[in-house]
């Protein structure tokens, strides 16, 4: 239910009884540590329409349930209290006039504490952690005097919070306004207000008070208003579904982190300045959901380059589903800042691999101004034909230096196709494409091919040593629809641990799951899924075609690169014709539309090239059994359509996916991404970003 007006977030974590409440005349000072007793097991979220959207679209209730809390919520007075199982009670906390402006909260916090509760404050004080927030109208701050007044209200609120050391209070900064309802000066004051609420000036010396900087998560730093990608339209300041899908898990995790920090089970750390489209929140005592993360804004576009002519019986048309960076490649190349080479898969029909040089990328909209790579090794079938013909192929490549008892570096690979089961899929070979000496293929544990045999990339040695010892390769797959889970997958493995090499058709056993949005049931081809186990932005028509483990200095991120479905999606045909998936004897099938709309599959209204960012700490938690494989969620995303030469569908050319392979030069922080069918003769282009 969407309503205009004031919107409030109140998240409350509590024990089951009133025994922790203290009397109204108590004058306890803020403690250095919480007194014994509270268990902080229940969560109450008091909100209006923005909160309802965050809960529904951001999976807040399910995520907090998975973290071990009973999650309740309360909307407008007319909506009232909702129980942890989602049942509406018809009862409310009697919020005076539904006023959640700063003056409204100051009035609530000035109410007497009664037992049994007969006012808003008394209802809230039944719980152990209380968070509260005004809505976007508060972010239209018309004068410095109004800003000072808002601060005075929150100082009086803080004075009251200091009296209750058995409670945790989370101050949530108001979300930003939209240009239609504010101006630059008012928006700048809103930024200042949010920053003050999240600052040491407000929080220091008050260890049971935390600040979730909701404003920073939503606001564009350039104008301090709601980010364009988070708007519903030019007149509605409610954050849209994308914003809620991204921020919902962050909000839920923040509550958990605050509770554990105040209970003394985690050590507070410094809070980085938010720099991306979806920065992590700030907190009292500087709690963060993730530290030292690479943000979307840390990727600086360097330009693009073209691929050479064909060689060795194949070419770069319809190419670019797998690639790897080779740091020792092209040793006689120019000293231009782009050393090394790239091994990549060419035309889809042959699936041969070639090695190319890396020219200096150029930023231009004119193909003729781009530099062109040179062929260093001609196309060859590096697998020796071990996979045969593949219908709608999938492939992954990654170079690693010698591991275990190996004496030479290897090109590790995997191959698959659209319909498979439990077929052997992974292998390795030498770097001399004229004599690759392939080893394999090997079965990937007991996992279905639908989650294992598409992308490959390197895991940094330090992270692997701490979390997946001896497993320096990451592999996975995203399959459109739901058969491979409800998001991209990732597994750590090290085939050299199972033999040098393992025998053909052996099973690799040294495997650690890092990401799987579903459950692999023994012997099953399809992953068992439910909507409680999905990537927050999942759509059946997505296509995550490659990943990489980015690092720069002390920062890191795991990314997935792909073609993201936008708008509605359906199974059927590109013209919107829906094909039935629940079939019985009465099923009526529609007519197949004419070319070029006659390819059946998962379709969407639109597509965009996107990079999705994951926190390596979440994957470490999965590796150690502290999180379920479906719990990690992306903390940021980056649309790269603006850099593409040919974005969008082109059905007459058979073009429905925008990007394919990606690879990473770790020493220089250079990310290479292939744009499919963007050059003449349907060749790929290669785009380059530098991670700063």
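Hey, what D do you get for the chain in µm²/s if you plug the Kirkwood alpha-carbon radius into Stokes-Einstein at 20 °C and 1.002 mPa s? Please list the in-between numbers first.
Working: Rh = 26.9 Å.
The diffusion coefficient I find is 80 µm²/s.
Using Cα pairs closer than 8 Å and at least 6 residues apart in sequence, work out the relative contact order for the chain, in percent. The value is 10 percent. Summed over qualifying helices (DSSP H, 4 residues or more, each -39500 (n - 2.57)) and divided by its residue number, the chain shows a 222 nm mean residue ellipticity of -4500 deg cm²/dmol. At the listed q of 0.09 Å⁻¹, the Debye profile of segment 298-691, built from one uniform point per Cα, gives log10 I(q)/I(0) equal to -0.49.
Using 13 Å as the cut-off for backbone N distance, which residues of segment 133-149 belong to the label zone defined by a point 7 Å from the Cα of residue 56 along Cα→Cβ? Once the point is set 7 Å along Cα→Cβ of residue 56, nothing inside segment 133-149 turns out to lie under 13 Å by backbone N. Taking 0.36 nm per residue of sequence separation and removing the Cα-Cα distance, the residue 91/residue 568 pair yields an extension gain of 168.1 nm. One Cα centroid belongs to segment 362-439, the other to segment 329-358; the line between them spans 11 Å.
When ranked by the protection proxy of mean other Cβ atoms within 10 Å per residue, highest first, what sequence do the peptides 522-530, 544-552 form?
Numbers: 522-530: 13.9, 544-552: 24.0.
Averaged packing, sorted descending, gives the order 544-552, 522-530.
Distance between the C-alpha centres of segment 143-179 and segment 618-680: 40 Å, rounded to the whole angstrom. Average 1/r across all pairs of distinct alpha carbons in segment 380-479, invert it, and you get the Kirkwood radius: 14.1 Å.
Were the residues from residue 528 through residue 200 laid out at 0.36 nm apart, the gain over their Cα-Cα distance would be 113.4 nm.
If I take R0 = 25 Å and measure r between the Cβ atoms of residue 392 and residue 367 in this structure, what FRET efficiency does the formula 1/(1 + (r/R0)^6) give, to the nearest 0.05?
Details: r = 28 Å, r/R0 = 1.12.
Efficiency, rounded to the nearest 0.05: 0.35.
Computed from the coordinates by the stated procedures, all read-outs in this text should not be read as laboratory data. Everything numeric in this text was worked out from a predicted model, so none of it was measured. All Cβ positions, even for glycine, are placed from backbone atoms using ideal geometry, and neighbour counts span all protein chains on display.
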